[in-house]
Each structure stands twice: as structure tokens, then as C-alpha cells.
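**Q** Below: one structure in C-alpha cells.
The values are calculated or read from the model by the stated rules, or taken from the named source; none is laboratory data. The structure presented is a predicted model; accordingly, all values stated were derived computationally and were not measured. Note that each Cβ is placed from the backbone with ideal geometry, even for glycine, and that neighbours are counted across all protein chains shown. The accessibility values were calculated without ligands, DNA or RNA, using every heavy atom of the protein model including side chains. Shrake-Rupley method; radii C 1.70, N 1.55, O 1.52, S 1.80 Å.
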Amino acid sequence: MKHILVIGNLLAIGLVIAFVAWTFGAPAVARSLWGADYKALMFKCDHVMREHYIAKRAVEHNPTAQTVRNLHATELGLLDCHAYDRLRKRMLVWGVTDEQLSLIGLEALEEKKYELRRFVEIHEIRY
């Protein structure tokens, strides 16, 4: 009977350790493994979405063969957004929170030393 209690206690301790390791360790591992890729894909996707929006608006205002070709070219770039979305979801599954992903994005801005005005110009959508 005493052996069963010891085994039960060891099993419970092992489960607690595994839970704590997964809860706190997995997000840290994910940030370490994929943080740089996340930053790069975030910027690529942002740029591609902006270019696609501009190309789409150009077709709406002046539907020529050239503007349509430009639109199709930007649509290929949206594959970067798919890669970004897949990586984002993988990191969320690994326990990285939305807030932590936002922080990674802000760190990318700081690393690239973007000026506020340039940041606004990149993200601003003009009509």
C-alpha cells in the first residue's frame, strides 16, 4: 500500500512539473524559435497588403491591362500573409498570447528604429 502512495505522489509531482513546464516553457521556446521569423513575416505581410490595396484601387479607378497585371502580381505576394498567419497560429497554439505577439511586433519596430512618422505612413490607408 505504501508503494502505491509513493507512486501516486511521484505521478502527481510529475504531472505538475509537466504542466508548469508547458505553461511557461512552451511560449518561451516558441518566441525563441520563431520570433525573428514572425517579425520578418509581419513586415512582409503588411507591405504586401498595402501594395495589394493600392493596386486594387488603381484597377477601380483606371482598369487597364497594366493595372490588372499589377494587381495579379500583388496577389502572389499575399502568400507571405498566409505564412505569417500560419506562424501566428502556431505560436498561439504553443501558448504565446496575443499581447506577447504584439510586443514582438513593437520590438521589431524598435530594432528597425522606425520613426513614428514613417510608421504612420506605412500603416495609413489613403482613400
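**Q** Find the relative contact order for the chain and round it to a whole percent, using C-alpha pairs within less than 8 Å whose residues are 6+ positions apart. Write down the numbers at each step before the final one.
**A** Details: 63 pairs, mean separation 43.3, N = 127.
The normalised contact order for the chain reaches 34 percent.
**Q** Here's a follow-up. Rounding to the nearest 20 debye, state how big the charge dipole of the chain is about its Cα centre with +1 on each Lys and Arg Cβ and -1 on each Asp and Glu Cβ.
**A** 220 debye
**Q** Provide the solvent-accessible area of residue 50, counting protein heavy atoms only and rolling a 1.4 Å probe, rounded to the nearest 10 Å².
**A** Looks like 60 Å² after rounding.
**Q** Accessible area of the chain with a 1.4 Å probe: how many percent of it is carbon plus sulfur?
**A** Working: 6150 of 9410 Å².
That fraction is 65 percent.
**Q** Could I ask something else about it? Taking only protein heavy atoms and a 1.4 Å probe, what accessible area per residue, in Å², does the chain have with all protein chains in place? Don't skip to the answer; put the middle values down first.
**A** Working: 9410 Å² over 127 residues.
With the other protein chains kept in place, the chain gives 74 Å² per residue.
**Q** Taking θ = phi - 60°, what integer Hz values does the Karplus form 6.51 cos²θ - 1.76 cosθ + 1.60 yield along segment 82-98, in sequence order, with x for Gly and Pro?
**A** Karplus values, whole Hz, x for Gly and Pro: 5, 5, 4, 5, 4, 5, 4, 5, 4, 5, 5, 4, 7, x, 6, 7, 4.
**Q** If R0 is 22 Å, what FRET efficiency do you get for residue 82 and residue 59 from their C-beta distance, rounded to 0.05? All intermediate terms of the calculation are to be shown ahead of the outcome.
**A** On the way: r = 22 Å, r/R0 = 1.00.
Step by step, r from the Cβ atoms, then E = 0.50.
**Q** For the chain, which semi-axes, largest first and in whole Å, follow from the square roots of 5 times the eigenvalues of its Cα gyration tensor? Walk me through the intermediate numbers first.
**A** Details: eigenvalues 441, 56, 17 Å².
Rounded to whole Å, the semi-axes are 47, 17, 9.
**Q** While we're here: Rank 106, 7, 25 by how far each Cα sits towards the positive end of the charge dipole of the chain (+1 on Lys, Arg Cβ; -1 on Asp, Glu Cβ) and give me just the farthest.
**A** 7
**Q** Still on this structure: How many lysine pairs does the chain hold where the Cα atoms are under 28 Å apart and the two sit 8 or more places apart or on different chains?
**A** Lysine pairs, 8 or more places apart or on different chains, close enough: 11.
**Q** Report, in deg cm²/dmol and to the nearest 500, the calculated mean residue ellipticity at 222 nm for the chain, where each DSSP H run with n ≥ 4 adds -39500 (n - 2.57) and the sum is divided by the residue count.
**A** Here the helix-only value at 222 nm equals -28000 deg cm²/dmol.
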